[in-house]
Every structure is written in C-alpha cells, then in structure tokens.
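Single-structure report; data block below.
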C-alpha cells in the first residue's frame with residue numbers, strides 16, 4: 001500500500017506522526033510525507049523516510065496562490081498514485097481531501113486535531129473565514145471512501161451537528177499517542193525543595209499563556225517555593241502567536257523561565273513535578289499525555305481534549321478556562337501537598353499506558369485504512 005501523510009508543518013510530522021510513518025514503513029508500506037519546507041524535513045529523511053516539501057504557506061489567503069497549491073497537489077497525487085491520502089489539521093484536510101478527490105485517490109483519511117484558529121477565535125478574520133472553511137470541509141470530507149479521525153467526543157459532536165460529515169464515517173482515535181517506554185518516570189529522582197511547574201506548548205495565546213503568567217505573578221506574591229517554566233517555540237505562522245518580545249518581557253520580570261525549544265522532552269518532564277496546560281481547546285494534547293506518561297501531576301482546563309486526559313482529583317486537577325486565579329490556586333494546592341502530587345502522577349502514568357500508548361494509535365489508524373479496502 002502507498003500512503004501519503006500530509007501536514008501543514010514538517011515539525012508536526014516529525015513530532016506527532018513519526019511513529020506512524022516508521023510503523024507503516026516497517027510493515028512494508030510505501031510512505032510519502034508532504035509539508036511546507038523546514039528543518040525537520042531533513043530529520044525525517046535521516047530516519048530513512050521519504051519527505052517532499054510543498055509550496056504551501058499556512059497563513060496565505062491569496063486565491064491564486066491557494067489554487068496553485070491545490071493544482072500542484074493534484075498533479076503530485078496523479079503522479080504518485082497513492083492508495084490513501086491522510087491529511088492532518090483543517091487546512092490539510094481541505095486541500096488533501098479535495099486534491100485526492102480530483103486525482104482519483106481511492107482512500108481519503110483526515111485527522112483533525114482540535115478545531116483550529118478559524119473555529120476557536122472570535123476575531124473578525126476567523127468568523128469571516130468560518131462559512132468558507134465549513135463549505136470546503138464538507139466537500140473534502142464527503143464520499144464513501146472518506147474517513148474523518150477526531151480525537152475527542154466534543155469534536156465528534158461538533159462536526160456532526162454542523163453537518164460536515166456523516167457520523168458513520170467518523171472514527172475516534174485518542175491523539176497521536178505517546179511512547180510510554182521513552183516517556184517514563186525517573187525512578188531515582190530526588191525531589192528538590194522547590195516545586196517545578198512546566199507549561200510545554202507552542203507560544204500561542206490560546207494555549208493559556210496569559211493565564212499562566214497571571215498565575216505565576218500570584219504565586220510569587222504568595223511567596224510559595226515554586227518555579228514556573230515555559231518550553232516551546234514561537235509560532236509566527238499562527239494568528240494566535242505570542243510575540244517573542246512579550247515572552248522575553250515575562251522572563252525579564254522574573255515570573256517564569258523560558259527554555260525555548262527542548263529536544264529531550266522526556267528528560268525535561270522527568271525533572272519537573274507538575275505540568276500545566278491552561279488551553280482554550282484541544283484535540284488531544286500531546287504535551288499532557290507525555291507528561292502523564294512521565295508520572296507528572298497534571299493541571300488542565302476543563303475543555304474538550306484536556307478533559308479526556310485529566311479526570312479531576314483522580315489523575316490531575318481541572319480548572320475553569322481563562323481563569324488565572326483558579327490556575328494559581330490549583331498550583332498552590334499541589335505545591336503544598338507532595339502526597340497529592342505523587343498520587344496524581346501515578347494515576348496519570350497508568351492512564352497513559354492504558355489509553356494513549358502510540359501502539360494503540362498506530363493499530364487503530366491501520367484499521368481505518370483497512371476499512372477503505374486496503
């Protein structure tokens with residue numbers, strides 16, 4: 001079987017779908033990875049995977065440029081003649097789905113991780129784009145040989161209520177999975193006198209960075225023995241991007257430490273006590289399930305995606321969305337109660353192994369391909 005995996009960044013393919021691509025290749029399938037150009041393309045090639053850059057701009061709204069991209073994709077798919085095109089994120093679902101239909105690709109699979117900027121933001125631009133994206137999605141996702149993979153029940157309900165897809169063609173798969181062998185607790189770590197809290201995410205406002213900073217300021221006022229860390233890169237291609245200058249101001253203010261991009265996430269997660277993700281909405285957050293696998297105590301907002309990972313007071317704490325005070329109070333509770341941190345971390349690790357191991361995700365994704373007759 002020949003499979004095309006198509007994403008809007010090569011970073012996403014490397015960090016979120018590398019295991020799927022390698023598993024497909026090792027099972028004897030021919031795999032082609034497509035994305036805009038970027039440094040992670042060479043990292044994919046170094047693994048022996050076939051990656052090809054596309055002339056794609058995530059932020060472009062230029063009709064001529066977008067039509068040229070669509071035609072480029074159609075010609076590429078006609079040349080490659082894949083059995084399945086599997087697109088990730090909404091823009092790739094639209095473009096990959098439409099191009100695959102025109103090129104006569106037998107199977108179309110789209111995995112939408114969260115609703116994305118167009119559906120989350122209330123900005124004028126997002127609201128103006130929404131009906132257009134909705135119409136294109138309906139066209140791209142339609143047809144007997146199409147499947148839509150969603151990551152949480154809220155998104156399933158949303159897509160069905162919007163009439164974007166036939167419910168019979170939706171499959172629920174919990175995220176992109178986590179390697180629970182690589183991401184595991186450090187059995188010999190000695191906890192320090194100060195509690196370390198980490199927010200691992202791209203630097204976007206809708207990841208809850210404003211609330212995280214508000215909580216950091218409150219914890220400093222309360223004089224608690226806690227250090228707040230932020231790990232992640234700026235994402236200038238996203239309309240919700242936090243300017244790097246703003247992040248540097250927070251660092252200069254002394255409210256948090258910014259680690260930037262971190263290559264060895266398992267080592268970082270083993271070195272912290274609590275991982276917080278005060279996001280506004282998720283598909284199924286990879287950072288949280290990696291932290292869970294490492295046995296960290298979790299704090300997350302009570303929103304779609306996050307609530308699939310965190311059950312309040314069982315394997316983490318949930319807080320209301322856009323509430324920096326509640327976030328600070330949850331952090332303070334975990335700072336003061338080492339026993340609670342320990343119990344939540346053990347339960348989080350158990351859930352990650354049972355529900356989010358990447359082998360489960362690969363197996364269920366292959367089952368979707370099989371449904372399409374391949």
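Details
- Matching residues in the stretch 204-220 - criterion: being buried (at least 24 other Cβ atoms within 10 Å of the Cβ) and outside any helix (DSSP H, G or I): 208
- Checked against (1) modelled with pLDDT of 95 or more; (2) at positive phi; (3) surrounded by 13 or more Cβ atoms within 10 Å (Cβ to Cβ), residue 223 passes all but a single condition, namely (3).
- Screening residue 92 on (1) within 29 Å of residue 285 (Cα to Cα); (2) in contact with a helix residue (DSSP H, G or I) (Cβ under 8 Å, 6 or more places away or on another chain); (3) crowded, with 20+ Cβ neighbours inside 10 Å shows it passes everything except condition (2).
- A Cβ distance below 7 Å, combined with a sequence gap of six or more or placement on separate chains, defines the contacts here; from the stretch 153-165, residues that are assigned by TED's automatic domain parsing to the domain that holds residue 283 and farther than 19 Å from residue 306 by Cβ reach no residue that is in a helix (DSSP H, G or I) and at pLDDT 80 or above.
- Of the numbered criteria (1) part of a loop (DSSP other than H, G, I, E, B); (2) surrounded by fewer than 19 Cβ atoms within 10 Å (Cβ to Cβ), the one residue 255 fails is (2).
- Matching residues in the stretch 20-42 - criterion: being in a helix (DSSP H, G or I) and either at pLDDT below 95 or within 21 Å of residue 362 (Cα to Cα) (or both): 20, 21, 22, 23, 24, 25, 26
- Residue 199 vs. criteria surrounded by fewer than 19 Cβ atoms within 10 Å (Cβ to Cβ) and not in a loop (DSSP other than H, G, I, E, B): no
- The residues on offer are 131, 185, and the sole one that is more than 19 Å from the chain's Cα centre (by Cα) and free of Cβ contacts under 8 Å to residues at least 24 places away in the same chain is 131.
- Test: residue in the stretch 354-368 that is at pLDDT below 95, surrounded by 14 or more Cβ atoms within 10 Å (Cβ to Cβ) and not in a helix (DSSP H, G or I): no
- Criterion (out of contact with any strand residue (DSSP E or B) (no Cβ under 7 Å at 6 or more places or on another chain) and without any contact (Cβ under 8 Å) to a residue 24 or more places away in the chain) met by exactly one of 168, 193: 168
- Pairs are defined by a Cβ separation below 6 Å, a sequence spacing of at least 6 or placement on different chains, a first member in the stretch 321-344 that is at positive phi, and a second member that is modelled with pLDDT under 95 and in a helix (DSSP H, G or I); no pair meets this definition.
- Exactly one residue out of 108, 81, 171 is at pLDDT 90 or above and more than 26 Å from residue 36 (Cβ to Cβ): that is 171.
- Looking at the stretch 61-166, the helices (runs of 4 or more DSSP H) lying wholly inside it that each contain 1 or more residues that are more than 30 Å from residue 322 (Cα to Cα) sit at 63-80, 90-103, 124-141.
- Residues in the stretch 226-240 that are in contact with a helix residue (DSSP H, G or I) (Cβ under 6 Å, 6 or more places away or on another chain) and at pLDDT 95 or above were compared, and the one that is farthest from residue 261 (Cα to Cα) is 226.
- Exactly one residue among 321, 314, 346 is assigned to a loop (DSSP other than H, G, I, E, B), over 30 Å from residue 1 (Cα atoms) and out of contact with any helix residue (DSSP H, G or I) (no Cβ under 8 Å at 6 or more places or on another chain), and that residue is 321.
- Residue within the stretch 68-78 that is touching a strand residue (DSSP E or B) at 6+ places or on another chain (Cβ under 7 Å), buried (at least 17 other Cβ atoms within 10 Å of the Cβ) and within 23 Å of residue 175 (Cβ to Cβ) present: no
- Test: residue in the stretch 271-285 that is assigned to a helix (DSSP H, G or I), within 27 Å of residue 24 (Cβ to Cβ) and within 20 Å of the chain's Cα centre (by Cα): no
The values are calculated or read from the model by the stated rules, or taken from the named source; none is laboratory data. Keep in mind that what you see is a predicted model, and the values were worked out from it rather than measured. Reconstructed Cβ throughout: ideal geometry from the backbone, glycine too, with neighbour counts over all protein chains shown.
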